1. Scan region A:149-172 and tell me whether some residue there is in a helix (DSSP H, G or I), open to solvent by 30 Å² or more (accessible area, probe 1.4 Å) and either at the interface with chain B (Cβ under 10 Å from one of its Cβ atoms) or out of contact with any Gly (no Cβ under 9 Å at 6 or more places or on another chain) (or both).
2. Can you tell me which of A:E92, A:E101, A:E126, A:E121 is of a type in the set (D, E) and within 21 Å of the chain's Cα centre (by Cα)?
3. Which of the numbered conditions does B:G216 fail, given that it passes all the others? Conditions: (1) buried (at least 22 other Cβ atoms within 10 Å of the Cβ); (2) assigned to a loop (DSSP other than H, G, I, E, B).
4. Please specify each residue of region B:224-242 satisfying the condition of being open to solvent by 60 Å² or more (accessible area, probe 1.4 Å) and either part of a loop (DSSP other than H, G, I, E, B) or more than 7 Å from chain A (Cβ to nearest Cβ) (or both).
5. Among the residues of region B:67-98, how many are under 12 Å from A:V178 (Cα atoms) and in a helix (DSSP H, G or I)?
6. Could you please find all residues in region B:171-188 being open to solvent by less than 50 Å² (accessible area, probe 1.4 Å), within 11 Å of chain A (Cβ to nearest Cβ) and in a helix (DSSP H, G or I)?
7. Check A:E130 against each of (1) of a type in the set (D, E); (2) facing another protein chain (nearest Cβ under 10 Å); (3) surrounded by fewer than 17 Cβ atoms within 10 Å (Cβ to Cβ) and name the one condition it does not meet.
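The values are calculated or read from the model by the stated rules, or taken from the named source; none is laboratory data. None of the values given here were measured: they were computed from a predicted structure. Neighbour counts are summed over all protein chains in view; Cβ atoms, including those assigned to glycine, are modelled from backbone coordinates with ideal geometry. Each accessible area value is taken on the protein alone, full model and side chains, heavy atoms only, with ligands, DNA and RNA left out. Shrake-Rupley method; radii C 1.70, N 1.55, O 1.52, S 1.80 Å.
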Amino acid sequence: MAVWTADWIARPSRWIPLMGITLALGAAWIWMSAAPAAATTGGQIPSPREGFLAPDFTLELLGGGQVTLSDLRGKAVVINLWASWCPPCRAEMPAIQRVYESSSGRGLEVLAVNTTYQDSERAALEFTQELGLTFPVPLDRSGTVSRSYQLRALPSTFFVDRDGIIRKVIIGGPMSEVTIQTAVEEILEGGG
Amino acid sequence: MLPILQVGPLAIQLPGLLLLAGVWVGSSVIEKQARRLRLPVAALSNMVFIGLVAGLLGARLWYAARYLSVYMDNPLSLLSLNPTTLAPAEGMLSGLLVALIYGQRKGLPLWATLDALAPGLAAFAVAYGFANLASGDAFGAPSDLPWSIDLWGARRHPSQIYEILLAGVIFASIRELGRRSPFSFTGFLFLAWVALAAASRLFLEAFRGDSAIVLGTLRLAQLVSLGVLLGAMLAMHLRARSRESQPA
């Protein structure tokens, strides 16, 4: 203690030159580490994360036809990965349906990707009919989309803005209608 | 990266758990330091707890205010456990404000209290680094070094590991300094932590891949950190001077 009271931190005059040195070194480091354009992602790299480009996919739909994510640029897209045997998926689907009904007129699309490789098409069909779902249900038969979205827990939901950039990721569920609606407001506002 | 820990049927969100561990370790070292500085430990612990609760509440209320009409239809969602429906910056601000008011009403001396908080904040910073490692947040810039890691579609600097290491060094130094307190002026320990934390961010931000850029190519976090670092040093100068002008 005696050492420290006598020590030089107590001398105000010591701090001023130290601040000068810090300012010079700090400014030099900031200059040296100034970001080249590639240092930040800028939504160019596809990866299942906020601020990144949503990994593209083309899948066949339940009931025929197919969908390609990148064809939906200009629309806000909710990508929800689910399985018929997953209780929280079942619990949140009606809320997603209600948000879809209220916001599809403003440019919202919902892709409820069924993880068919760990489910069955028949179970998926019964599920959608039972809950009266009207949005497209792409079928991930081989699991490639689940892999490219690094699926770890069901359900997982990705909110993609009109430029195809992921704005929010919600892992696990069930999400409340409010959670879905606020995230949807974000992606409807953001992007061109 | 391991955002979810599967324990049997339980899916535990690891980043949140790590932050909680940080709060727990942080509060215990705060109490230790408070005892050393002869502050009322109970009042200080309450202040930390109330600040945390107020922060959490504030974060949810500010988020709800942003989407008022949605929450008006469904007010019970205010109580949801979903961490994505929080406004972090506003939450932190309300927590700090409430803690400040509480501390003042309990007559806690400001600078000594901040000194007691310093080791806890330093411990929490280590846990925060681990939480980032688990979630993959605060990720590094693309790089091709032998120790680069594969993350978010590229090989990158393991910025979270750098963060953990440096935060660990800072925690060890602050704890060591804390043992030698009290110092010739109160506030030194806290200001030393602020300065070290700011210097660490100033240095490590260079390896981040998610920097906000201002003025063309400059990283915002570095400019802010340098400002905070200089501010902390200026505060030390002023604290030392005010002590000098007092008769000892």
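1. As a first pass, look at region A:149-172 and keep what is in a helix (DSSP H, G or I): none.
There is no residue in region A:149-172 that is in a helix (DSSP H, G or I), open to solvent by 30 Å² or more (accessible area, probe 1.4 Å) and either at the interface with chain B (Cβ under 10 Å from one of its Cβ atoms) or out of contact with any Gly (no Cβ under 9 Å at 6 or more places or on another chain) (or both).
2. Working: A:E101 fails: within 21 Å of the chain's Cα centre (by Cα); A:E126 fails: within 21 Å of the chain's Cα centre (by Cα); A:E121 fails: within 21 Å of the chain's Cα centre (by Cα).
Answer to the selection: A:E92.
3. The one condition B:G216 does not meet is (1).
4. Restricting attention to region B:224-242, the residues satisfying the condition of being open to solvent by 60 Å² or more (accessible area, probe 1.4 Å) are B:224, B:228, B:234, B:238, B:241.
Residues satisfying the conditions are B:V224, B:V228, B:L238.
5. Narrowing region B:67-98 to residues under 12 Å from A:V178 (Cα atoms): B:67-80, B:82, B:84-85.
When the remaining residues are screened for being in a helix (DSSP H, G or I), the result is B:68-73, B:75-79.
Selection size over region B:67-98: 11.
6. B:L177, B:F188
7. So A:E130 meets the others, but not (2).
Results for (1) more than 25 Å from A:E177 (Cα to Cα); (2) surrounded by fewer than 21 Cβ atoms within 10 Å (Cβ to Cβ); (3) touching a helix residue (DSSP H, G or I) at 6+ places or on another chain (Cβ under 6 Å), shown as yes or no for each residue.
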position: A:L25; (1), (2), (3): yes, yes, no
position: A:W29; (1), (2), (3): yes, yes, no
position: A:F57; (1), (2), (3): yes, yes, yes
position: A:G64; (1), (2), (3): yes, yes, no
position: A:S70; (1), (2), (3): yes, yes, no
position: A:R73; (1), (2), (3): no, yes, no
position: A:E92; (1), (2), (3): no, no, no
position: A:A95; (1), (2), (3): no, yes, yes
position: A:S102; (1), (2), (3): no, yes, no
